[in-house]
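Notes for the one structure printed next.
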Amino acid sequence: MKERYVIHVTKKCNCNCLYCYEKDKMSTYTWEEVKELIDGIVKYNKSFGVEFLGGEPAMAFHLIQQSYEYLESMNDIFVSDYVITTNSTILTEEMLDFLKTNKKVYWSASLDGTKYMNQLRVFKEPSNNGAPQNTYDVVVDNLKKLLYNIDIDRIHVHMTTHPYNVAFIDRGVGHLYSLGIRHIGIGTVESTIKIGREYAEDFISQLDIVSKKIINGTYQNLKIDLFEWIKPKEDKRSYLFNSEGKLIGESYGRVENDIVSNSNYKTVLGTSPLQNMIYEIREYVHLRHKENLNEKRIR
Amino acid sequence: MINLNKYELQFPISPIPITSVSVLLTEDCNLRCTYCFEKHNKNKMSQQVGERMIDFLFENAQKGNVDYISLTMFGGEPMLASEMLEYLTKYAWQQGEKFNKGVQVIIITNGTILTDQMKNFLSYAIKVGKPIQIQISVDGPPEVHDRTRVTIDKKGSFHMIEKNLVKYKEIYGELSNRFINLHGVLSKDNIQYLYESYKFFKEETRFENLWFLPVTEEEWTDEHVQIYFDGMKKIYNDVISDCKNQNSLAPLEKYAPLNRTLTENWGDAPCGAGKNYATITANGEIYPCHHIYFNDPEKETLIGDIWTGVSESKRRIYSEYQGDDLSCGSTCEHKNCYRCIAVNLISNGSILSQTKGGYCRMMKIDKLFQDMARKEMERMGLLMGSKNNLMTKEEAGFDCGEVYRDYAECHIVDIQRLNGNSHTIPLEKPNLSYQENKTETQVRDLVYNGKSEIILQEWEDEGKHYCRTRNENGEINVREIINFNGLQESQKKEKEKCNAGQCGCSIKKEENIQLEEQIEILSDAMALMIRKLDVIQNMLIELNRGK
């Protein structure tokens, strides 16, 4: 399976989501730091995918552009796709133009479903009334702009689920579908909010409803990530730190001989106390969807 | 099939049961108050739904080992469904006996409708020893009330209530002041009449239990906050002088929000919505509260119904959140104010995103007066040995004049904090003599909260030094000057005393505060013991005499 490299472009963010796991919310990156990582990656690997992460990567959009142009200028390197993992609250004309022109760039917006489900995603700066506002309205405006301007397949929405919105997954999916979104990723909060059996039960039953609605045509052409594909259990998320201890990038550990094993970066394997449970329920949902599809075929 | 039993349950197996509800007997109403958030559907709760609702609540009470259920008859205007109200109350009494649980019934009415049937029923309830609590919404005297509380034809409604207030008094007699309260809603249209309305209720209608609460979703400006402060100050003075005259806490108990003076702990979350409290609609649906329900046409906040019960997953955000989870929660001294998660959800998209601004400052004014009242009651010996977080003037953003001196900080203190032109500042004492600064070179400045301010004027009053300043933003403030360069000898001593924690101001060192509190508690206890000894001694004397 093809490797994906995560490139960090800033740790700053304009949001203050209640379940944010990020501890470093300050660091910024220079082009030299990013270039050094890219050079390290291409030294060993010629074909891969790229993901830009933050903080909020849109706050360092110039680094995204530079990285893209730098990688695309290399004749012997093939980057299958560039994904910008963003809270989707910042979308300038310049960014929109870049996305319009460069068809390999994908927009992956974080939005937890309906506004009600998105309650834990709020802006850092309070509005005039002193309250941190739900990001929903701004994100939806930006998604509408994107849907108007770029290919629908390049717009993904990532829904983070947790014990306070998991019972509404089907509602959230339906809502995003009605907005015109056709690619939805379903994630799980891992370390900042505790999850237990109740979460697992709701997750499974809600996604079963979604599966059936896709099969019966309610959600025509909708792609849910974990129905299509499940991240391999063997994936070993590695975090790359530079000599100053600053997180520079990540990989999924899918190739043996690459930057992770060869560079001067310090590598730390990512673990999550709940990863077994999360993997098990995701795998179950994935297989259940296959079963639902088979049942339909038999009938 | 997946086996999830190996994963631990995260939440309590028996979550807090819903035993207290607002009942939407009908959403219909004969008024169209200007600030109302309701939709006025002409639906009505049926007998079947009502009975099931009551059984559902008793079943919950039984499961959760709660002693009683609470029905707040709400709407719309519940008196438009007064026969159902009577029927369901009687049904709840009957089922209460079966389940061996109590029943609390409260009617929230606009006061315009009081049928003979209802009069008879309210009298009957009193006769059988189960008087019903009544809350009547009246905003003030006729000219104030009629600005906001209007009929469908936009006509004032005061005349419709006036005669009913008399009838309620007749029905409840001596019980009036225990079971009836008048609730005024403060909006931009009527806040300037706060004190006038208070006086009117107290003196003209002669009801004692009064509430005036500002509408939470109003966009309150600094000017409104100042008006609220002025009104509250007058009410505070009246209430405290009543307490003094009667040597009793009762006047304080009867006025909300000052009544919070008497409660040490208001619990953690601002309300029980979605926890032990919910709203039941006319067709038996359950929502966290009526305010949320009326703003949710998509029914996203529906958490269950009276037949199948509550979905724990769907109400989890309500059952699990704590007061400190609110965006203002963990740092504010006054986190037990009337915060409203419904307003947060509607205005800010999250029950946890707390609207601050003007409303927040109004709540701080409440807290300020509650703190003052507490101190006053302690001084009078009506409250003893209590500990609560008193707010400093800076936190409140207001000064209350003489009564507040006890809390004055020993450095520079806001006397009056207002935005605007200097001539708009209403000075506490109008007859101050002051000297204008003569030339630029003579201009002094001071540093307040780390920012420098130019002193425009200085004056003295009763041995204290005051100044009027302008900060970098052009805001004019009046401050008391105690310790900065140029202190007189006596003031230097005061400063030293302050630093040593001996001056009685609110920036005393922590350990001194604790020590003083302990001493205070002990001396209160001693005083009580001495009083009791006196009583015992007198009794002994009496006994001896008897012999």
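Take residues that are under 21 Å from B:Cys360 (Cβ atoms) and in contact with a Leu (Cβ under 6 Å, 6 or more places away or on another chain) and tell me which of the strands (runs of 3 or more DSSP E) falling wholly in the range B:195-295 contain 2 or more.
Correct list: B:210-214.
Yes or no: the range B:114-128 includes at least one residue that is buried (at least 19 other Cβ atoms within 10 Å of the Cβ), under 27 Å from the mean Cα position of the chain (by Cα) and within 20 Å of B:Cys33 (Cβ to Cβ).
The answer is no; no qualifying residue exists.
If only one of A:Ile7, A:Ile41 is assigned to a helix (DSSP H, G or I), in contact with a Phe, Trp or Tyr (Cβ under 9 Å, 6 or more places away or on another chain) and β-branched (Val, Ile, Thr), which one is it?
Result of the check over A:Ile7, A:Ile41: A:Ile41.
Looking at B:Ser350, B:Ser319, can you tell me which residue is assigned to a loop (DSSP other than H, G, I, E, B) and among the small types (Gly, Ala, Ser)?
After applying the criteria, what remains is B:Ser350.
Based on what the data block shows, is B:Asp139 in contact with a strand residue (DSSP E or B) (Cβ under 6 Å, 6 or more places away or on another chain), of a type outside the set (Gly, Ala, Ser) and over 28 Å from B:Leu252 (Cβ atoms)?
Answer is no for this residue.
Any residue at all in the range B:12-19 that's over 32 Å from the mean Cα position of the chain (by Cα) and within 14 Å of chain A (Cβ to nearest Cβ)?
Looking through the range B:12-19, at least one residue is over 32 Å from the mean Cα position of the chain (by Cα) and within 14 Å of chain A (Cβ to nearest Cβ).
Out of curiosity, is B:Ile108 of a type in the set (A, V, I, L, M, F, W, C), in a helix (DSSP H, G or I) and touching a residue at least 24 places away in the same chain (Cβ under 8 Å)?
no
So how many residues does the range A:241-265 have that are in a helix (DSSP H, G or I) and of a type outside the set (Gly, Ala, Ser)?
3
For the range A:121-162, give me the residue count where each residue is in a loop (DSSP other than H, G, I, E, B), in contact (Cβ under 8 Å) with a residue 40 or more places away in the chain, within 14 Å of chain B (Cβ to nearest Cβ) and in contact with a helix residue (DSSP H, G or I) (Cβ under 9 Å, 6 or more places away or on another chain).
Summing the residues that are in a loop (DSSP other than H, G, I, E, B), in contact (Cβ under 8 Å) with a residue 40 or more places away in the chain, within 14 Å of chain B (Cβ to nearest Cβ) and in contact with a helix residue (DSSP H, G or I) (Cβ under 9 Å, 6 or more places away or on another chain) in the range A:121-162 gives 3.
Can you work out which of the residues in the range B:1-40 that are in contact (Cβ under 8 Å) with a residue 24 or more places away in the chain and among the polar types (S, T, N, Q) is surrounded by the fewest Cβ atoms within 10 Å (Cβ to Cβ)?
By that ranking, first place goes to B:Ser14.
Looking at the range A:46-58, is at least one residue aromatic (Phe, Trp, Tyr), within 19 Å of the chain's Cα centre (by Cα), modelled with pLDDT of 95 or more and more than 22 Å from A:Asp137 (Cα to Cα)?
Among the residues of the range A:46-58, at least one is aromatic (Phe, Trp, Tyr), within 19 Å of the chain's Cα centre (by Cα), modelled with pLDDT of 95 or more and more than 22 Å from A:Asp137 (Cα to Cα), which makes the answer yes.
Among the residues of the range B:59-74, is there at least one that is in contact with a Leu (Cβ under 9 Å, 6 or more places away or on another chain), aromatic (Phe, Trp, Tyr) and away from every other protein chain (no Cβ under 14 Å)?
Yes, the conditions are met somewhere in the range B:59-74.
Residues of the range A:1-27 being within 16 Å of A:Gln133 (Cβ to Cβ) and touching a Gly at 6+ places or on another chain (Cβ under 7 Å), which ones?
Residue satisfying the conditions is A:Cys13 alone.
Checking A:Glu69 against (1) in contact with a helix residue (DSSP H, G or I) (Cβ under 7 Å, 6 or more places away or on another chain); (2) assigned to a helix (DSSP H, G or I); (3) not β-branched (Val, Ile, Thr): exactly one of these is not met. Which one?
Answer for A:Glu69: the failing condition is (1).
Sort out which residues of the range A:163-173 are away from chain B (no Cβ under 11 Å) and surrounded by fewer than 21 Cβ atoms within 10 Å (Cβ to Cβ), and write them in order of number.
Residue satisfying the conditions is A:Asp170 alone.
Across the range A:245-263, what is the total count of residues that are surrounded by fewer than 20 Cβ atoms within 10 Å (Cβ to Cβ) and either touching a Pro at 6+ places or on another chain (Cβ under 9 Å) or farther than 20 Å from A:Trp31 by Cα (or both)?
7
Kindly indicate which of A:Lys194, A:Lys213 is more than 10 Å from every other protein chain (Cβ to nearest Cβ) and more than 20 Å from the chain's Cα centre (by Cα).
One residue alone meets the criteria, A:Lys213.
Kindly establish whether B:Gln95 is in contact with a His (Cβ under 7 Å, 6 or more places away or on another chain) and surrounded by 17 or more Cβ atoms within 10 Å (Cβ to Cβ).
It is false that B:Gln95 is in contact with a His (Cβ under 7 Å, 6 or more places away or on another chain) and surrounded by 17 or more Cβ atoms within 10 Å (Cβ to Cβ).
Please state which of the following conditions A:Lys266 fails to meet, knowing it meets all the rest: (1) under 30 Å from A:Met26 (Cα atoms); (2) surrounded by fewer than 15 Cβ atoms within 10 Å (Cβ to Cβ); (3) basic (Lys, Arg); (4) within 20 Å of the chain's Cα centre (by Cα).
A:Lys266 satisfies every listed condition except (4).
Does the range B:71-93 contain any residue that is basic (Lys, Arg) and modelled with pLDDT of 95 or more?
Yes: one or more hits.
Could you tell me whether the range A:194-205 includes any residue that is part of a loop (DSSP other than H, G, I, E, B), modelled with pLDDT under 95 and surrounded by 17 or more Cβ atoms within 10 Å (Cβ to Cβ)?
Scanning the range A:194-205 turns up at least one residue that is part of a loop (DSSP other than H, G, I, E, B), modelled with pLDDT under 95 and surrounded by 17 or more Cβ atoms within 10 Å (Cβ to Cβ).
Only one of these conditions is not met by A:Ser88: (1) more than 7 Å from chain B (Cβ to nearest Cβ); (2) farther than 29 Å from B:Glu219 by Cβ. Which number is it?
The single condition A:Ser88 does not satisfy is (2).
Looking at this structure, is A:Tyr177 under 30 Å from A:Arg297 (Cβ atoms), part of a loop (DSSP other than H, G, I, E, B) and at pLDDT 95 or above?
No: the conditions fail for A:Tyr177.
With respect to the numbered conditions (1) touching a residue at least 40 places away in the same chain (Cβ under 8 Å); (2) part of a helix (DSSP H, G or I); (3) among the β-branched types (Val, Ile, Thr), which one is the sole condition not fulfilled by A:Thr85?
Only one criterion is unmet by A:Thr85, namely (2).
If a residue has to be among the hydrophobic types (A, V, I, L, M, F, W, C) and not in a helix (DSSP H, G or I) to count, how many in the range A:266-299 make the cut?
Here the count works out to 3.
Which numbered condition in (1) farther than 16 Å from B:Glu77 by Cβ; (2) assigned to a helix (DSSP H, G or I) is the only one that B:Met118 fails?
(1)
Taking the residues in the range A:127-140 that are within 20 Å of the chain's Cα centre (by Cα) and farther than 20 Å from A:Val105 by Cα as candidates, determine which candidate is surrounded by the most Cβ atoms within 10 Å (Cβ to Cβ).
Filtering the range A:127-140 for residues that are within 20 Å of the chain's Cα centre (by Cα) and farther than 20 Å from A:Val105 by Cα, the one surrounded by the most Cβ atoms within 10 Å (Cβ to Cβ) comes out as A:Thr135.
Here's the yes/no breakdown for (1) among the polar types (S, T, N, Q); (2) assigned to a loop (DSSP other than H, G, I, E, B):
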| position | (1), (2) |
| --- | --- |
| B:Val21 | no, no |
| B:Asn41 | yes, yes |
| B:Lys63 | no, no |
| B:Gly76 | no, yes |
| B:Tyr87 | no, no |
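When you go through (1) closer than 20 Å to B:Glu285 by Cβ; (2) over 24 Å from the mean Cα position of the chain (by Cα); (3) surrounded by 21 or more Cβ atoms within 10 Å (Cβ to Cβ); (4) of a type outside the set (Gly, Ala, Ser) one by one for B:Met79, which number turns out not to apply?
(1)
The values are calculated or read from the model by the stated rules, or taken from the named source; none is laboratory data. These numbers come from a predicted model, not from an experiment. As a convention, Cβ positions derive from the backbone with ideal geometry for all residues, glycine included, and neighbour counts pool all protein chains shown.
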